[in-house]
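Peer 1: The following block contains the structure, expressed as structure tokens.
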Amino acid sequence: MNRVCKAAGCTKRAASRFGNYCHSHRSRLRRHGALNQDAVTKADLKIYRQLVRERIEKNKDKALWNKLKAVWVALINDANVVVERWRKGTPMADYNRITAFELVKLSNAVEPEDVVQTVLAMYLLQDQEPKKIKGDKAFLTQMVRRVRGLTNLNAGTWTDNATGRTKTAYRELSPKAVERLGMKLAIAFGPAGLTLAKLERKDHERKMRELTEYHQALGDIQ
Ligand SMILES: [Zn+2]
């Protein structure tokens, strides 16, 4: 008999003979990257994308933004090479091929700015609301979800039998492909993301300090 699901408090049986988790915990782990990870939504990311955009506005003449775009172009060029190799019959791991196809698909459907902003915004969110991210794998998984969510290419529709309504579901990638895609994005844009997060935190701390000083000054008025 399958063992009991390893998720805390769950008494269901594991979904497979050698598996650790029941069906629902297994799919949660796949979808979100950690058992206790909630989806980072487009709404969660909105304010951070705004901060990234403002930072870009403030630094329009800095070479960094063009460099980030160039990094994206290089990533897509690499992906195209992999796709081409696959077409010629070169043997390769599934997740390798899938990651390359995903990147090419994204580049055809989404502006580079959108991808870069989304990835950088994830770093700001992680820095400012660390409780929302339950570990590195969860971070990569949520980042990939948000980037893939920029296009509805990945969405398939299905009809909910109970309600008769048409629903949209994103086609899921294998955990390995998610991790690989996430790592590629992290390697490409992570350093910039961390730098931006640090800048935002400094600005925020300065504003808070000014506010405190202002309140103290008000208190000093006689
Ligand atoms: Zn379970």
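Peer 1: Could you rank Arg148, Arg53, Arg17 by how accessible they are, 1.4 Å probe, largest area first? Can you show the working numbers first?
Peer 2: Working: Arg148 25, Arg53 90, Arg17 175 Å².
Result of the area sort, largest leading: Arg17, Arg53, Arg148.
Peer 1: How high is the relative contact order of region 1-160, given as a whole-number percent (alpha carbon pairs under 8 Å, six or more residues apart)?
Peer 2: Worked out over region 1-160, it gives 25 percent.
Peer 1: Once label points are set 7 Å from the Cα along Cα→Cβ at both Ala93 and Lys132, what is their separation, rounded to one decimal in nm?
Peer 2: Placing both labels 7 Å beyond Cα along the Cβ direction yields 3.1 nm.
Peer 1: For the pair Thr41 and Phe101, what calculated FRET efficiency results from E = 1/(1 + (r/R0)^6), where r is the Cβ-Cβ distance and R0 = 30 Å, to the nearest 0.05?
Peer 2: Details: r = 26 Å, r/R0 = 0.85.
The computed FRET efficiency comes out at 0.75.
Peer 1: Here's another thing I want to ask about it. Among residues other than Gly149 whose Cβ falls under 11 Å from its Cβ, what is the net charge (Lys/Arg +1, Asp/Glu -1)?
Peer 2: Net local charge, Gly149 excluded: +3.
Peer 1: May I have the convex hull volume per residue, in Å³, for the Cα set of the chain?
Peer 2: Measuring per residue, one finds 196 Å³ for the Cα hull of the chain.
Peer 1: Take the alpha-carbon centre of region 192-222, take the same for region 13-78, and report the distance between them in whole Å.
Peer 2: Comparing the Cα centres of region 192-222 and region 13-78, I get a distance of 28 Å.
Peer 1: Using +1 on the beta carbon of Lys and Arg, -1 on that of Asp and Glu, and nothing else charged, what's the dipole of the chain about the Cα centre, debye to 20? Let's see the in-between values first.
Peer 2: Numbers: 43 positive and 24 negative charges, 233 e Å.
The dipole magnitude comes to about 1120 debye.
Peer 1: Separate question: Once the whole set of protein chains is in place, how much accessible area is left on Ile56, using a 1.4 Å probe, in Å² to the nearest 10?
Peer 2: 40 Å²
Peer 1: Based on DSSP H runs of at least 4 residues, each adding -39500 (n - 2.57), what is the mean residue ellipticity at 222 nm of the chain after dividing by all its residues, to the nearest 500 deg cm²/dmol?
Peer 2: -22000 deg cm²/dmol
Peer 1: To the nearest 10 square angstrom, what accessible area does Arg49 show with a 1.4 Å probe?
Peer 2: About 40 Å², ignoring ligands and nucleic acids.
Peer 1: Then there is this: Towards the positive end of the charge dipole of region 37-220, with charges on Cβ (+1 Lys, Arg; -1 Asp, Glu), say which of Gln126, Tyr95, Thr151 has the farthest Cα.
Peer 2: Comparing the listed Cα positions along the dipole, Tyr95 ranks first.
Peer 1: Between Gln216 and Asn2, how many nm apart are label points set 7 Å from Cα along the C-beta direction?
Peer 2: 6.1 nm
Peer 1: Can you give me the angle between helix 136-148 and the longest principal axis of the chain, using Cα atoms only, in degrees from 0 to 90, rounded to the nearest 10?
Peer 2: Taking Cα atoms only, the helix is inclined about 90 degrees.
Peer 1: How much net charge surrounds Ala74 when only the other residues with a Cβ under 15 Å from the Cβ of Ala74 are counted, with Lys and Arg +1 and Asp and Glu -1?
Peer 2: Result for the neighbourhood of Ala74: +2.
Peer 1: Which of Gly164, Gly149, Gly135 moves most in a GNM of the chain, Cα contacts under 10 Å?
Peer 2: Comparing Gly164, Gly149, Gly135 in the GNM, the peak value goes to Gly164.
Peer 1: Of Ile221, Ile133, which has the most accessible area and how do the rest follow, probe 1.4 Å?
Peer 2: Ile221, Ile133
Peer 1: Starting from the residue with the highest accessible area, list Arg201, Arg55 in decreasing order, probe 1.4 Å.
Peer 2: Details: Arg201 105, Arg55 20 Å².
Most to least solvent-accessible, the answer reads Arg201, Arg55.
Peer 1: Quick one: plug the Kirkwood hydrodynamic radius of region 15-136 (C-alpha pairs) into Stokes-Einstein at 10 °C, 1.306 mPa s, and report D in µm²/s.
Peer 2: Details: Rh = 17.2 Å.
Using the Kirkwood radius from Cα pairs, D works out to 92 µm²/s.
Peer 1: Same structure, new question: Set the bar at 22 Å for Cα to Cα. Now go through Lys46/Lys134; Lys137/Lys184; Lys67/Lys131; Lys60/Lys134; Lys137/Lys176; Lys12/Lys42 and name every pair that lies beyond it.
Peer 2: Over 22 Å apart, Cα to Cα: Lys67/Lys131; Lys60/Lys134; Lys12/Lys42.
The values are calculated or read from the model by the stated rules, or taken from the named source; none is laboratory data. From a predicted model like this one, the values you see are computed outputs, not experimental measurements. No Cβ is skipped: glycine too gets one built from the backbone with ideal geometry, and neighbour counts run over all protein chains shown. With ligands, DNA and RNA removed, areas are computed over all heavy atoms of the protein, side chains included. Shrake-Rupley method; radii C 1.70, N 1.55, O 1.52, S 1.80 Å.
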